[in-house]
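The values are calculated or read from the model by the stated rules, or taken from the named source; none is laboratory data. Note that the structure is a prediction, hence the values are computed from the model and not measured. Methodologically, a virtual Cβ is constructed for each residue, glycine included, from the backbone with ideal geometry; neighbour enumeration extends over all protein chains shown.
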Amino acid sequence: MCDTGYTPKDLVADLRELVGRGEPEAVVLEEVRDLVKRLLLMKHNWLRSSMQQPSGDPQLPSIYKLHEEPDHSLTVNVVTWMPGRETRPHNHLTWAVVGGLGGWETQHLWKRAEGDPERVTKVATERIDTKTIVTLDSQTIHSVHNDSGALSVTLHVYGRNPEFTDRQHFEQMGSG
């Protein structure tokens, strides 16, 4: 595919059309994955150097909002992580697609522990780098760790801004 200029604005227009069709979450995730791939291929046209630098508290990820609907749906962010930073296991209660823009980080996938829904057990680990696009359905529990030793930059597309969901954080039981 020769793509001459897909932009965040184009992505948002395509997301609006896709969500407006009322497709099931699995279909949305697959189609958004393809749209994110197009945008990542065009990062040289829209990704600014300022988005690839930490800002504010170095203990927290730097979030550069590219788009968010007024009702907090269809959120598109660039997220920059300092080395060594990590999140606790959590869910978003919305679908998400994450693609690597620079550097790399490790994502851990978790499942709820039997008999204790507040605790989780690790079930898989994957690296998110510039060749990776991951999809997370609304029930996925994951954590992210920038264990690369360098800055990590990723594109995050959400069905709804996770700050406006009832997402949960979990306690780790250990690896599974």
Some residue of the stretch 60-79 being farther than 20 Å from TYR158 by Cα, surrounded by fewer than 20 Cβ atoms within 10 Å (Cβ to Cβ), in contact (Cβ under 8 Å) with a residue 12 or more places away in the chain and of a type outside the set (A, V, I, L, M): no
Subset tally (residues that are outside any strand (DSSP E or B) and out of contact with any Leu (no Cβ under 9 Å at 6 or more places or on another chain)) for the stretch 105-135: 5
Exclusive hit being under 30 Å from ALA113 (Cα atoms) and among the aromatic types (Phe, Trp, Tyr), set TRP46, TRP81: TRP81
Residue list for the stretch 114-147, restricted to those being modelled with pLDDT under 95 and either of a type in the set (Gly, Ala, Ser) or under 11 Å from the mean Cα position of the chain (by Cα) (or both): GLY115
Test: residue in the stretch 75-86 that is part of a loop (DSSP other than H, G, I, E, B), closer than 25 Å to ALA150 by Cα and within 13 Å of the chain's Cα centre (by Cα): no
Qualifying residue in the stretch 28-44 (condition: β-branched (Val, Ile, Thr) and surrounded by fewer than 16 Cβ atoms within 10 Å (Cβ to Cβ)): no
Whichever residue in the stretch 152-166 is within 16 Å of SER62 (Cβ to Cβ) and touching a helix residue (DSSP H, G or I) at 6+ places or on another chain (Cβ under 7 Å) and, among such residues, is surrounded by the most Cβ atoms within 10 Å (Cβ to Cβ): LEU155
Selection within the stretch 80-99 - crowded, with 16+ Cβ neighbours inside 10 Å and in contact with a Gly (Cβ under 6 Å, 6 or more places away or on another chain): THR94, TRP95
Members of the stretch 22-61 found to be of a type in the set (Ser, Thr, Tyr) and either in contact with a Phe, Trp or Tyr (Cβ under 7 Å, 6 or more places away or on another chain) or not in a helix (DSSP H, G or I) (or both), listed by number: SER55
Residue under evaluation SER50, criteria (1) among the small types (Gly, Ala, Ser); (2) closer than 15 Å to TRP95 by Cα; (3) surrounded by fewer than 16 Cβ atoms within 10 Å (Cβ to Cβ), criterion not met: (2)
Selection status of VAL120, in contact with a Pro (Cβ under 9 Å, 6 or more places away or on another chain), more than 21 Å from ILE133 (Cβ to Cβ) and surrounded by 14 or more Cβ atoms within 10 Å (Cβ to Cβ): yes
